[in-house]
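The values are calculated or read from the model by the stated rules, or taken from the named source; none is laboratory data. None of these values were measured; they are calculated from a predicted model. Every residue, glycine among them, receives a Cβ derived from its backbone with ideal geometry; neighbour counts consider all protein chains shown.
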Amino acid sequence: MCRWRHAALLLLIPLLVAVVASPVVAAPGKGVPKTNEDHSSWLVMDPVPESTEAESVVLSGKVAGNFDMMVANGSFIKEFEAKGHFSVEVPLFPGENRIQITGSNPAKRLLNYECLITTPMSEAQQPTELLVEVGQNTLVANGLSTMVIRALVLDANGDTVPGYNLPITMESDNLAAVTVLHDAVVPQGGIAVFTLEAGFVPEPSTITVTAPGVGDFAFTVAPAPQVAGSLTMETSSATLPVGDPSPAELSLHLRDAAGQYIVVLTSPLRVQLTVSNPEVASFESGAMIEFTMTTPTLTIPVYSGEVPGTARVSGAAVRNDGASVPVEPITFMTIATP
């Protein structure tokens with residue numbers, strides 16, 4: 001079940017619309033063209049109004065050559081191909097609409113036009129509230145698990161403000177436990193979607209969400225510790241000369257239920273390993289060894305016997321809560337050397 005969190009109103013701000021990027025081009029018109037070189041021969045935009053009461057505006061112009069074009073206005077994105085004259089209708093949201101047209105061609109020429117059009121906004125349509133959907137904590141401290149957080153900007157009527165496009169930020173105060181994959185997101189249709197990723201430390205992290213001019217909200221996420229789901233064994237050498245005094249290394253690795261290596265072991269395991277044919281290979285203590293595993297990895301020496309053949313190492317492991325943990329067996333072989 002999801003929990004919806006509310007942040008108090010701090011300040012009212014004007015409504016901005018669309019993804020804001022560095023403008024590069026365009027002329028003439030009411031837009032705000034900027035360029036590092038003269039691109040006016042590639043793209044010429046027709047004038048647009050600085051303000052209007054209409055619910056949409058038609059952007060038109062002329063482009064030299066074949067360009068793949070895209071127009072963006074908040075959650076509205078449309079792609080089209082321009083060969084000469086073009087026009088595209090763009091919806092307008094109440095408040096300030098920052099509309100951007102970008103283009104590229106096979107010659108790697110880039111076009112970027114931006115204009116600002118204002119439409120009337122009532123007081124009730126002003127962004128007044130930050131709503132954060134936290135949801136259930138699904139993080140596990142394995143460095144891979146993720147969970148999604150949504151942040152919404154609402155107006156005085158409780159409706160999502162589709163044109164709010166100031167970057168909403170999200171920060172973690174414990175990066176070893178939780179990181180934010182994208183810590184600043186421009187909302188699409190008034191909704192910003194963030195992804196949290198667990199680190200390797202099962203500790204709480206305070207996550208703070210901030211919507212500029214609207215408010216902020218903090219909540220705590222604590223990645224769950226990894227729980228041992230299986231015990232696997234590897235060896236430096238599965239084949240040993242008969243009677244070799246140098247042991248092979250048997251490496252034990254704990255994994256969680258998802259098959260990921262456990263990094264921080266919070267609950268020890270009781271382990272028993274047995275060699276099926278101790279005349280072929282054995283532990284220092286003989287055919288069986290028992291120990292408590294307090295770290296996620298452990299290395300045990302295995303010695304060759306005086307008889308060539310094969311010996312299988314198998315075992316059993318039990319967690320503190322009494323649950324059995326499967327142990328993956330491994331086979332050693334000893335061979336007679338000339």
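Quickly run through the range 158-208 and pick out the residues that are surrounded by 21 or more Cβ atoms within 10 Å (Cβ to Cβ), of a type outside the set (A, V, I, L, M, F, W, C) and outside any loop (DSSP other than H, G, I, E, B). Selection gives S205 alone. For the range 235-252, the condition of being modelled with pLDDT under 95, closer than 30 Å to A177 by Cα, assigned to a loop (DSSP other than H, G, I, E, B) and not basic (K, R) holds for none of the residues. Selection of the range 44-74 for residues being within 23 Å of Y164 (Cβ to Cβ) and crowded, with 19+ Cβ neighbours inside 10 Å yields V48, V57, L59, V71, A72, N73, G74. A single member of N66, N73 is in contact with a Lys or Arg (Cβ under 6 Å, 6 or more places away or on another chain) and not hydrophobic (A, V, I, L, M, F, W, C), and it is N66. P14: at pLDDT below 85 and either more than 30 Å from G135 (Cβ to Cβ) or part of a strand (DSSP E or B) (or both), yes or no? Against the criterion (at pLDDT below 85 and either more than 30 Å from G135 (Cβ to Cβ) or part of a strand (DSSP E or B) (or both)), P14 qualifies.
For the range 269-290, residues that are surrounded by 14 or more Cβ atoms within 10 Å (Cβ to Cβ) and assigned to a loop (DSSP other than H, G, I, E, B) total 6. Among the residues examined, E96 qualifies as surrounded by 18 or more Cβ atoms within 10 Å (Cβ to Cβ), closer than 30 Å to A218 by Cα, in contact (Cβ under 8 Å) with a residue 60 or more places away in the chain and charged (D, E, K, R).
Every condition in (1) within 30 Å of L154 (Cβ to Cβ); (2) touching a Leu at 6+ places or on another chain (Cβ under 7 Å); (3) modelled with pLDDT of 80 or more is met by I77 except one, and the failing one is (2). Filtering the range 297-322 to residues that are without any contact (Cβ under 8 Å) to a residue 60 or more places away in the chain, under 35 Å from the mean Cα position of the chain (by Cα) and either within 14 Å of A238 (Cβ to Cβ) or surrounded by 13 or more Cβ atoms within 10 Å (Cβ to Cβ) (or both) leaves T297, L298, V318. Among the residues making up the range 80-117, those that are of a type in the set (G, A, S) and over 31 Å from the mean Cα position of the chain (by Cα) are A82, G84, S87, G95, A107.
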